[in-house]
Amino acid sequence: MSQYAGPAPHSPRVEALLARMTLEEKQAQLVGYWVDQGVEVVAPMSGEKKSSSRYEDASANGIGHLTRVYGTRPVDPVERAAWLWAEQRRLQRETRLGIPAIVHEECLTGLAAWKAATFPTPLAWGASFDPELVEEVGRAVGSSMSALGIHQGLAPVLDVIRDPRWGRVDECIAEDPLVVGRVGTAYVRGLQSEGVHATLKHFIGYSASKAGRNHAPVSAGLREIEDVLLPPFEMAIHEGGARSVMNSYVDIDGVPVTADARYLTGILRDRWGFDGVVVSDYFAVDFLYSMHRAAADSADAARLALTAGIDVELPSPDAFVTLADQVRDGRLPVEVLDRAVGRVLAQKEELGLLDADFDTPPTAIDLDPAEHRALARRLAEESVVLLSNDGALPLDPHVASRIAVIGPNADSAEALMGCYSFVNHVLAHHPETPAGIELPTVVEALREEFPRSEITSTNGCDVEGAGRSGIPAAVDAAARADVAVVVVGDRAGLFGRGTVGEGNDVDDLELPGVQRELVEAVVATGTPVILITMTGRPYVLDWALPPRAGAAGTTTGLGVVDAVASTSAPAGIPAAVLQTFFPGEEGAPALAGLLSGRVTPSGRLPVSLPRSAGAQPYSYLHPVLGGRADVTSADPTPVRPFGFGLSYTTFEHDGLTVPTTVAAGDTFRATVRVRNTGRVEAADVVQLYAHDEVASVTRPVAQLLDFRRITLAPGTETLVEFDVPVDRLAFTNRDGVKRVEPGTIRLWVGGACDDEETVTRFEIV
């Protein structure tokens, strides 16, 4: 691993400010304040953690951050902007140093504010395998934030998925660190191109918690941390220039990350050269005392966190209010305090806050313009994964037919949104308030897409609960229809309010409630069923899918039988199955377009489709003994693997070539011919995988080295080139050093991680 030079010294202006400040003024710059915090539980344990001081008192010496000015309750954006501009002017004029506050907001699925566009959840970003489009989305989100005077966004989440039982999977991008890093870095670039600082979270290990339980301990080893969990953060810092990082809540091998200088300083700053600001996840500093019991009191927690490398306590001053007194009584060196304050002042200088003009707030703003909705629809369209199809799809919109639309997510706008969308995160506490944006449901979108058809709708059951009273009506509707579209899945929320989202962890991976019973009852009518799962995590769907065409290691592309050749589904299963991960405000029209054939499916699974909850945690990045083996009767093989996805056409990949020898430290070029052998234009996600055949430590049976989205007309072909740094094959060896070892590498391209459609080998020398 390369070593990087330390951060540059602060500017003379920052140094001069720092020299003038009193201890109270320094302390004030290291805390946020949640001005609007009320009874709503919109952050972990926020109902129990209230700031101990009034805002007027807390900001008398200035303030570091203003927390979720727009994102705590439904406020009119223009009216709120007027308040914010006035408050920034007050900080400039009525505090001794006149330093404005950084305003931060959540922006995981778009700006989490009333009337703002809501994009697909990050798991859908991963399914698109389209970093360029995600960068455009980040730029759009950043433009809205910048116009409202917001300086920092708490996204993206770069936790690599390790266990789908974890409730926060819908906030993550993929189970592969390269996909997480590349897509997440693209979002960073987009957001920061508009002058809004991205915040990488959650550093580090959050997604590796035991049994997929939120905040649970982590027992990850050195190689998992170095080779899987850290790379996305390093990429986003070095290639994306991310300016802020947020810690994770967990402890790793007994040491809470909030107080672990090995990560927050040793890796982040000393090794990687990060010179931005580290902010605490909400209440994480005080959790050292109240939850981890690794501190004697809040003051002890504050000292531990600041010394380890936490610069700012969010969302409000709970523990850091003790810092000034701790410097006075000698418990905390003033140099440690000054280190953090200097970083915050440097960030404010970089953001232009030290010279900002707050005289003219915006008088009109559209946070959901047509161009944002167009981006939301494109991303939704690209992220839907076709898991099976016996030829039932696409449906012909020109034929008058009877379509029964069934399921708890069929006519629900909330079902389209992730946990950190404003609709599910905040408006759930304000049911009297309209969404403020257009949110067509699947039923409404299908009526628009299929104007000649007779469309009926019934829920059949709820997302949660054991109520079955609606199933007979659903069966009757399906029996009288030509086709049934059944839309099932999750309802995102927090801490028990919903089936997925922060704090909504599960111990099985069956569809919630009685939704499987609903699907099976509708399928039993004999009417062709199109099943749509709209979820925040992958569920066990072996009961709804046919056996997968092809097998690992074959030389034919996977999915050909599913996509084209088969004439009917096996008895008792849907005719086609589509997986979508909370597709956002334009998700329903996107799905309707996929059903009609106006759009051709191109999404690929960013996370393995599990066989059972008992097989978790599971990752496609497993060594030989991490998969199916004769030495155990337990089979962890996923029902559909990472990278899998069908289309309305077929693609062939052949002629993979690479130099026979490659030197460590170099970059090699791999080329593969891709041909659209079907009848419609479509996008293919070309995936390049590798396996290190003999190494000093066990290596994954497959590792994604590169990927590319390409669009081909029917009957055409192209040569795809990948320029791959050999360092991508580096791993942490027995001595704890990350390096590339000489040896034979098997390389392949195919329709999923285990599909070796075209294969070659080369030697690292």
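Would you say residue 44 is at pLDDT below 95 and surrounded by fewer than 16 Cβ atoms within 10 Å (Cβ to Cβ)? If you could, list the steps in order and put the result at the bottom.
On the way: at pLDDT below 95: yes; surrounded by fewer than 16 Cβ atoms within 10 Å (Cβ to Cβ): no.
No: the conditions fail for residue 44.
Filter the range 742-759 for residues that are out of contact with any Phe, Trp or Tyr (no Cβ under 6 Å at 6 or more places or on another chain) and assigned to a loop (DSSP other than H, G, I, E, B); which is farthest from residue 692 (Cα to Cα)?
At the first step, the residues of the range 742-759 found to be out of contact with any Phe, Trp or Tyr (no Cβ under 6 Å at 6 or more places or on another chain) are 742-744, 746-747, 749-751, 754-755, 757-758.
Checking which are assigned to a loop (DSSP other than H, G, I, E, B) leaves us with 742, 751, 754-755, 757.
Values: 742: 10, 751: 20, 754: 15, 755: 16, 757: 18 Å.
The extreme case among them is 751.
In the range 675-691, which residues are touching a Leu at 6+ places or on another chain (Cβ under 9 Å), surrounded by fewer than 21 Cβ atoms within 10 Å (Cβ to Cβ) and either of a type in the set (A, V, I, L, M) or assigned to a strand (DSSP E or B) (or both)?
Restricting attention to the range 675-691, the residues satisfying the condition of being touching a Leu at 6+ places or on another chain (Cβ under 9 Å) are 675-676, 681-684, 687-691.
Then keep just the ones that are surrounded by fewer than 21 Cβ atoms within 10 Å (Cβ to Cβ); that gives 675, 681, 691.
If the condition is that a residue be touching a Leu at 6+ places or on another chain (Cβ under 9 Å), surrounded by fewer than 21 Cβ atoms within 10 Å (Cβ to Cβ) and either of a type in the set (A, V, I, L, M) or assigned to a strand (DSSP E or B) (or both), then 675, 691 are the ones that fit.
When you look at residue 114, is it among the aromatic types (Phe, Trp, Tyr), modelled with pLDDT of 95 or more and either in a helix (DSSP H, G or I) or in the same structural domain as residue 711 (by TED's automatic domain parsing) (or both), yes or no?
On the way: among the aromatic types (Phe, Trp, Tyr): yes; modelled with pLDDT of 95 or more: yes; either in a helix (DSSP H, G or I) or in the same structural domain as residue 711 (by TED's automatic domain parsing) (or both): no.
In short, no.
So that you can scan it fast, the table gives a plain yes or no per residue for (1) in the same structural domain as residue 215 (by TED's automatic domain parsing); (2) of a type outside the set (S, T, N, Q); (3) more than 21 Å from residue 584 (Cβ to Cβ); (4) surrounded by 24 or more Cβ atoms within 10 Å (Cβ to Cβ):
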position: 483; (1), (2), (3), (4): no, yes, yes, no
position: 492; (1), (2), (3), (4): no, yes, no, yes
position: 498; (1), (2), (3), (4): no, yes, no, no
position: 522; (1), (2), (3), (4): no, yes, yes, yes
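Six or more apart or on different chains, Cβ atoms under 7 Å: show the pairs whose first residue is in the range 740-759 and closer than 21 Å to residue 725 by Cα and whose second is in a strand (DSSP E or B) and basic (Lys, Arg).
Filtered contacts from the range 740-759: 744/761; 745/761; 746/761; 747/761; 759/746.
Which residues, counting only those in the range 672-729, are of a type in the set (Gly, Ala, Ser) and under 26 Å from the mean Cα position of the chain (by Cα)?
From the range 672-729, those of a type in the set (Gly, Ala, Ser) are 678, 682-683, 690, 695-696, 702, 713, 715; that's our starting set.
Residues satisfying the conditions are 682, 683, 690, 702.
Please verify whether residue 764 is of a type in the set (Val, Ile, Thr), over 21 Å from residue 620 (Cβ atoms) and within 26 Å of the chain's Cα centre (by Cα), treating the condition exactly as stated.
Numbers: of a type in the set (Val, Ile, Thr): yes; over 21 Å from residue 620 (Cβ atoms): yes; within 26 Å of the chain's Cα centre (by Cα): no.
Criteria not met by residue 764.
Restrict the check to the range 628-642 and report whether at least one residue is out of contact with any Ser or Thr (no Cβ under 9 Å at 6 or more places or on another chain) and either within 21 Å of residue 505 (Cβ to Cβ) or of a type in the set (Phe, Trp, Tyr) (or both).
So far as the range 628-642 goes, no, none of its residues is out of contact with any Ser or Thr (no Cβ under 9 Å at 6 or more places or on another chain) and either within 21 Å of residue 505 (Cβ to Cβ) or of a type in the set (Phe, Trp, Tyr) (or both).
Check 512, 546 and return the single one that is in a loop (DSSP other than H, G, I, E, B), within 22 Å of residue 470 (Cα to Cα) and modelled with pLDDT of 95 or more. If you could, list the steps in order and put the result at the bottom.
Values: 546 fails: within 22 Å of residue 470 (Cα to Cα).
From the options 512, 546, the qualifying one is 512.
Residue by residue through the range 642-674, note down the ones that are closer than 24 Å to residue 180 by Cα, in a strand (DSSP E or B) and out of contact with any Gly (no Cβ under 7 Å at 6 or more places or on another chain).
Correct list: 667, 668, 669, 670, 671.
Taking the criterion of being in the same structural domain as residue 28 (by TED's automatic domain parsing), assigned to a helix (DSSP H, G or I), polar (S, T, N, Q) and surrounded by fewer than 22 Cβ atoms within 10 Å (Cβ to Cβ), would at least one residue in the range 291-305 satisfy it? Talk me through it step by step, then tell me what you get.
Kept after step one, since they are in the same structural domain as residue 28 (by TED's automatic domain parsing), are these residues of the range 291-305: 291-305.
If we keep only those that are assigned to a helix (DSSP H, G or I) as well, we get 298-305.
Narrowing the set further to residues that are polar (S, T, N, Q) leaves 298.
Checking the rest, the ones that are also surrounded by fewer than 22 Cβ atoms within 10 Å (Cβ to Cβ) come to 298.
Among the residues of the range 291-305, at least one is in the same structural domain as residue 28 (by TED's automatic domain parsing), assigned to a helix (DSSP H, G or I), polar (S, T, N, Q) and surrounded by fewer than 22 Cβ atoms within 10 Å (Cβ to Cβ), which makes the answer yes.
Kindly evaluate residue 675 against the criterion of being at pLDDT 95 or above, closer than 30 Å to residue 112 by Cβ and of a type in the set (Lys, Arg).
On the way: at pLDDT 95 or above: yes; closer than 30 Å to residue 112 by Cβ: no; of a type in the set (Lys, Arg): yes.
No, not satisfied.
Out of 270, 251, which single residue is more than 25 Å from residue 23 (Cα to Cα), surrounded by fewer than 23 Cβ atoms within 10 Å (Cβ to Cβ) and in the same structural domain as residue 214 (by TED's automatic domain parsing)? Even if it seems obvious, please write down each step before you answer.
Working: 251 fails: surrounded by fewer than 23 Cβ atoms within 10 Å (Cβ to Cβ).
Testing whether each residue is more than 25 Å from residue 23 (Cα to Cα), surrounded by fewer than 23 Cβ atoms within 10 Å (Cβ to Cβ) and in the same structural domain as residue 214 (by TED's automatic domain parsing) leaves just 270.
Considering the range 692-713 alone, what residues qualify as being outside any strand (DSSP E or B) and exposed (fewer than 14 other Cβ atoms within 10 Å of the Cβ)? Steps first, answer last, please.
Quick first cut of the range 692-713, residues outside any strand (DSSP E or B) only: 693-702, 713.
693, 694, 696, 697, 713 - these are the residues of the range 692-713 that are outside any strand (DSSP E or B) and exposed (fewer than 14 other Cβ atoms within 10 Å of the Cβ).
In this structure, is residue 421 of a type in the set (Ser, Thr, Tyr), out of contact with any Phe, Trp or Tyr (no Cβ under 9 Å at 6 or more places or on another chain) and at pLDDT 95 or above? Break it down into steps so the answer makes sense when it comes.
Values: of a type in the set (Ser, Thr, Tyr): yes; out of contact with any Phe, Trp or Tyr (no Cβ under 9 Å at 6 or more places or on another chain): no; at pLDDT 95 or above: yes.
Judged against the criteria, residue 421 is not a match.
Give just the number: which of (1) closer than 30 Å to residue 313 by Cβ; (2) touching a helix residue (DSSP H, G or I) at 6+ places or on another chain (Cβ under 7 Å) does residue 343 not satisfy?
Only one criterion is unmet by residue 343, namely (2).
For (1) within 19 Å of residue 116 (Cβ to Cβ); (2) part of a loop (DSSP other than H, G, I, E, B), each residue gets a yes or a no:
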residue: 168; (1), (2): no, no
residue: 174; (1), (2): no, yes
residue: 178; (1), (2): no, no
residue: 184; (1), (2): no, no
residue: 190; (1), (2): yes, no
residue: 194; (1), (2): yes, yes
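Show me the helices (runs of 4 or more DSSP H) entirely contained within the range 421-506 in which 1 or more residues are free of Cβ contacts under 8 Å to residues at least 60 places away in the same chain.
The qualifying helices (runs of 4 or more DSSP H) are 442-449, 471-479.
Return the pair list, or none, for Cβ contacts closer than 6 Å from residues in the range 668-693 that are closer than 30 Å to residue 596 by Cα to residues that are surrounded by fewer than 20 Cβ atoms within 10 Å (Cβ to Cβ) and basic (Lys, Arg), at least 6 apart or on different chains.
683/709; 685/709; 686/708
So if I check each of 323, 314, which one is closer than 25 Å to residue 36 by Cα, over 30 Å from the mean Cα position of the chain (by Cα) and surrounded by 17 or more Cβ atoms within 10 Å (Cβ to Cβ)?
Details: 314 fails: over 30 Å from the mean Cα position of the chain (by Cα).
Exactly one residue qualifies, and that residue is 323.
Would the range 619-631 turn up any residue that is surrounded by 24 or more Cβ atoms within 10 Å (Cβ to Cβ), within 19 Å of the chain's Cα centre (by Cα) and either part of a loop (DSSP other than H, G, I, E, B) or not β-branched (Val, Ile, Thr) (or both)? Working first, answer last.
Kept after step one, since they are surrounded by 24 or more Cβ atoms within 10 Å (Cβ to Cβ), are these residues of the range 619-631: 620.
Going one step further and asking which of them are within 19 Å of the chain's Cα centre (by Cα), we end up with 620.
The next check asks that each one be either part of a loop (DSSP other than H, G, I, E, B) or not β-branched (Val, Ile, Thr) (or both); those that pass are 620.
Taking every residue of the range 619-631 in turn, at least one turns out to be surrounded by 24 or more Cβ atoms within 10 Å (Cβ to Cβ), within 19 Å of the chain's Cα centre (by Cα) and either part of a loop (DSSP other than H, G, I, E, B) or not β-branched (Val, Ile, Thr) (or both).
Please enumerate the residues belonging to the range 726-738 that are outside any loop (DSSP other than H, G, I, E, B) and either acidic (Asp, Glu) or surrounded by fewer than 15 Cβ atoms within 10 Å (Cβ to Cβ) (or both).
Residues of the range 726-738 that are outside any loop (DSSP other than H, G, I, E, B), as a first pass: 726-729, 731-732, 738.
Hit for the range 726-738 is 727, nothing else.
Please work out which one of (1) surrounded by fewer than 24 Cβ atoms within 10 Å (Cβ to Cβ); (2) under 19 Å from the mean Cα position of the chain (by Cα); (3) part of a loop (DSSP other than H, G, I, E, B) is the condition residue 234 fails and give its number.
(3)
Within the range 360-377, which residues are of a type in the set (A, V, I, L, M) and either over 16 Å from residue 113 (Cα atoms) or buried (at least 20 other Cβ atoms within 10 Å of the Cβ) (or both)?
367, 370, 374, 375, 376 - these are the residues of the range 360-377 that are of a type in the set (A, V, I, L, M) and either over 16 Å from residue 113 (Cα atoms) or buried (at least 20 other Cβ atoms within 10 Å of the Cβ) (or both).
Let me confirm something: among 218, 179, 196, which residue is closer than 30 Å to residue 365 by Cβ and touching a strand residue (DSSP E or B) at 6+ places or on another chain (Cβ under 8 Å)? Don't jump to the end; show me each part of the working.
On the way: 218 fails: closer than 30 Å to residue 365 by Cβ; 179 fails: closer than 30 Å to residue 365 by Cβ.
Selected residue: 196, the only one of 218, 179, 196 that is closer than 30 Å to residue 365 by Cβ and touching a strand residue (DSSP E or B) at 6+ places or on another chain (Cβ under 8 Å).
Among the residues of the range 119-126, are any of a type in the set (S, T, N, Q), touching a helix residue (DSSP H, G or I) at 6+ places or on another chain (Cβ under 8 Å) and in the same structural domain as residue 195 (by TED's automatic domain parsing)?
Taking the range 119-126 first, the residues of a type in the set (S, T, N, Q) are 121.
Then keep just the ones that are touching a helix residue (DSSP H, G or I) at 6+ places or on another chain (Cβ under 8 Å); that gives 121.
Filter once more, keeping what is in the same structural domain as residue 195 (by TED's automatic domain parsing): 121.
There is at least one residue in the range 119-126 that is of a type in the set (S, T, N, Q), touching a helix residue (DSSP H, G or I) at 6+ places or on another chain (Cβ under 8 Å) and in the same structural domain as residue 195 (by TED's automatic domain parsing).
The values are calculated or read from the model by the stated rules, or taken from the named source; none is laboratory data. Predicted model only: the values in this text are computed from it and were never measured. We place every Cβ from the backbone using ideal geometry, glycine too, and count neighbours over all the protein chains shown.
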